[in-house]
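The structure appears right after this line, and notes come after that.
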Amino acid sequence: MEVVGYGHSSNSLRPSHPLSLFNFRPTFSSATFISFKNQPIKCLQVRAVASPAGFDEMVSGTERKYYMLGGKGGVGKTSCAASLAVKFANNGHPTLVVSTDPAHSLSDSFAQDLAGGTLVPVEGSYSPLFALELNPEKAKEEFRSATQISGGSGIKDFMDGMGLGVLAEQLGELNLGELLDTPPPGLDEAIAISKVMQFLELQEYNMFTRIVFDTAPTGHTLRLLSLPDFLDKSIGKILKLRQKIASATSAIKSVFGQEGTPKPDAADKLERLRERMIKVRELFRDTTSTEFIIVTIPTVMAISESSRLCASLKMEDVPVKRLIANQILPPSASDCKFCAMKRKDQSRALDMIQNDPELSSLMLVQAPLVDVEIRGVPALQFLGDIVWK
């Protein structure tokens, strides 16, 4: 597979020299015209609101790094993730941005169809930038298929395939019925991330040096963090039990002339799933290559949820350094009554961050509220230039 860089023209996407990275770095002033499909829209007026995000540190080095953006639903995670991906690409890093959120918004953010579960080149970027939206339902089906054998379904057939059918009823304390017949919450995102890791192990995809994940809302993320440990413990018990009684089962069957080897397919599939989940856990906890960035908005409810998320991340040993406070009202010489009240509420919420034991130690990045919808590469580049400094 030949991966190419892309040049931008007014009408089309044109391949450039393979893997070439353009030196052109467009810049934006505080008032900039953004156009979509050659149609200019109203001028964006953004005053000095954004605070330094330490982007020089994020962009330095050629080794592969992963950035996972998460937080409460509706705070702008997708826009922040997409703008970060564009920023990385325009600074010379071949970049992949991935959505593991069941409610995909990447296609809307880039104004481009990214569905299908395959890597899609983003139109209008100046360096290699690819996007991937993974279908969570397919991930659930993959788990179900891993715990089923040909011609059967469910816990009883799975245990039969493991050679443990006679013990199925005695294993209720492991919650195997719930585990095997109904995929646990967070599994779809975990398998999606593990699939990306499998992609990146292939030779044709090893050029990517920055991987940006647009994750699901907070509740999904918290379940995802605890899932690998849960699966490791549960699946580990099953496999250890199988190993302990395999010889005894074989001996008993041989006495009654029913000797035969259990189908290894079910056990092998489950072991592979377990190994993949362990890799996901290791990725989340790798302080040298991974960073989780919390995105929030300046409201009391959102800040409180972000604090709980940060505490959970730290408890799971997930490295978190930055907090994006999105949709900050820009400074104004005069406010209407509504804006004055809104600004007061935001100021109170920002004070909460400074006094919060979990959030106060993070690097706070204030991202401004802009007066148009951020959609398409030019608008994302504009947002990236004012947020990721």
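The values are calculated or read from the model by the stated rules, or taken from the named source; none is laboratory data. Keep in mind that what you see is a predicted model, and the values were worked out from it rather than measured. Here the Cβ is made from the backbone with ideal geometry for all residues, glycine too, and neighbour counts use every protein chain on show. Remember, those area values only see protein heavy atoms, side chains included, never the ligands or the DNA or RNA. Shrake-Rupley method; radii C 1.70, N 1.55, O 1.52, S 1.80 Å.
Below is a table of values for the structure above.
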quantity	calculated
Residue match in region 133-148 (condition: modelled with pLDDT of 90 or more and open to solvent by 30 Å² or more (accessible area, probe 1.4 Å))	no
Residue in region 298-316 that is in contact with a Ser or Thr (Cβ under 6 Å, 6 or more places away or on another chain), surrounded by fewer than 18 Cβ atoms within 10 Å (Cβ to Cβ) and modelled with pLDDT of 90 or more present	no
Single unsatisfied condition, residue 87 versus (1) of a type in the set (D, E, K, R); (2) farther than 19 Å from residue 196 by Cβ; (3) not in a helix (DSSP H, G or I)	(3)
Residue count for region 332-389, restricted to those that are in a loop (DSSP other than H, G, I, E, B) and out of contact with any Ser or Thr (no Cβ under 6 Å at 6 or more places or on another chain)	18
Unique residue being open to solvent by less than 20 Å² (accessible area, probe 1.4 Å), touching a helix residue (DSSP H, G or I) at 6+ places or on another chain (Cβ under 7 Å) and modelled with pLDDT under 65 when the list is 124, 165, 71	165
Any hit, region 247-270, residues being crowded, with 20+ Cβ neighbours inside 10 Å, closer than 25 Å to residue 60 by Cα and either modelled with pLDDT under 90 or not basic (Lys, Arg) (or both)	no
Inter-residue pairs, beta-carbon under 6 Å, first more than 18 Å from residue 321 (Cβ to Cβ) and in region 296-308, second of a type in the set (Gly, Ala, Ser) and assigned to a helix (DSSP H, G or I), 6+ apart	298/349; 299/349; 300/349
In region 284-331, residue farthest from residue 360 (Cα to Cα) [restricted to those that are of a type in the set (S, T, N, Q) and part of a helix (DSSP H, G or I)]	312
Some residue of region 95-111 being under 18 Å from residue 209 (Cα atoms), open to solvent by less than 10 Å² (accessible area, probe 1.4 Å), among the small types (Gly, Ala, Ser) and touching a strand residue (DSSP E or B) at 6+ places or on another chain (Cβ under 9 Å)	yes
Residues of region 317-341 satisfying the condition of being hydroxyl-bearing (Ser, Thr, Tyr) and open to solvent by less than 30 Å² (accessible area, probe 1.4 Å)	none
Condition check for residue 198: over 18 Å from residue 289 (Cβ atoms), over 13 Å from the mean Cα position of the chain (by Cα), surrounded by fewer than 24 Cβ atoms within 10 Å (Cβ to Cβ) and modelled with pLDDT of 75 or more	no
Hits in region 282-297 (condition: under 17 Å from residue 346 (Cβ atoms), open to solvent by 10 Å² or more (accessible area, probe 1.4 Å) and within 17 Å of the chain's Cα centre (by Cα))	none
Pair list, Cβ under 7 Å, 6 or more apart: region 343-355 residue touching a residue at least 24 places away in the same chain (Cβ under 8 Å), other residue part of a helix (DSSP H, G or I) and loosely packed, with under 15 Cβ neighbours inside 10 Å	349/300; 352/300
Number of positions in region 66-80 that are under 19 Å from residue 286 (Cβ atoms) and of a type outside the set (Ser, Thr, Tyr)	3
